[in-house]
Amino acid sequence: MKLTEIKSNPNNPRVIKDHKFEKLKKSISEFPKMMELRPMVINEDNIVLGGNMRLKALKDLGYKEVPEEWVKRASDLTEEETRRFIIADNVGFGEHDWEMLANDWDSVELDEWGLDVWQQPTDVDYSILDDEDMSEQLDDMTNGVKKAIQIEFEAEHYEEAQALVKYWREREAYIGGMIIEYLKAEKDKL
């Protein structure tokens, strides 16, 4: 199919900028089979419903036409289903198991494939920390700074937990302290 026949969706709410767009182009160049596995989705007017950035990347890469397997036509969607698909196609459901990724996957490859991952800097000089006692400066820097931890909830408890956090925040309660006190009391029961 000629790329000139495929039209970008003017109402596409999804964008990829700068380095992420370059990663997408690199991914398509190095692994074009991905386009067969996750084709662009177009409507009966050849307007892209899913894959606007892939279309842009293909054009940037100099493609003039693509195999038919790289394009899927969705012509039986209602207007509401079309609007829903445009959003739902770009929603990332689920979460990554970061521990598994850290242990079983190469972070450089993951980054190259488009997944934002943290990478340990290789040439950091920590010797400055040995030169003098910086505890007073660190205390000054962290005084009043709030830190956060992530707490998982089962799906059936999520909305209730969210409502409770909102309730206590509106009352300017220190939720972290409340959690610590509860967890200590439970630990003492063991």
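Taking region 43-88, which chymotrypsin sites (Phe, Trp or Tyr not before Pro) meet the DSSP loop condition and have no more than 16 other C-beta atoms within 10 Å? Mind showing how you got there, number by number?
Working: sites: Y63, W70, F85; in loops: Y63.
Within region 43-88, the qualifying chymotrypsin sites (Phe, Trp or Tyr not before Pro) (loop, at most 16 other Cβ atoms within 10 Å) are Y63.
HN-Hα J couplings of region 41-48 from phi, Karplus 6.51/-1.76/1.60, θ = phi - 60°, integer Hz, Gly and Pro as x?
For region 41-48, the Karplus-derived couplings read 10, 10, 8, 5, 9, 6, 8, 5 Hz, x marking Gly and Pro.
How would you order 171-184, 17-30 from highest to lowest mean count of nearby Cβ atoms within 10 Å? Each step should come with its number before you reach the end.
Numbers: 171-184: 10.4, 17-30: 13.6.
In descending order of packing, they fall as 17-30, 171-184.
Scan around E65 for amide H atoms under 5 Å from its own, H built in the peptide plane at 1.01 Å from N, and keep only partners 5 or more places away or cross-chain.
L3
What length, rounded to one decimal in nm, is gained on full extension from W168 through to L3, with 0.36 nm per residue of separation minus their alpha-carbon distance? All intermediate terms of the calculation are to be shown ahead of the outcome.
Details: separation 165, 0.36 × 165 = 59.40 nm, distance 5.42 nm.
Full extension of this stretch gives 54.0 nm more.
Using modelled amide H (1.01 Å from N, peptide plane; none on Pro or chain starts), what sits under 5 Å from the amide H of G50, excluding residues fewer than 5 places away?
Amide H to amide H, under 5 Å and 5 or more residues apart or across chains, G50 pairs with V41.
Rule-based calculations on the coordinates, nothing more; no lab input. In this text the structure is predicted, and so the values were computed from the model without any measurement. Neighbour counts run over all protein chains shown; Cβ positions are idealised from the backbone, glycine included.
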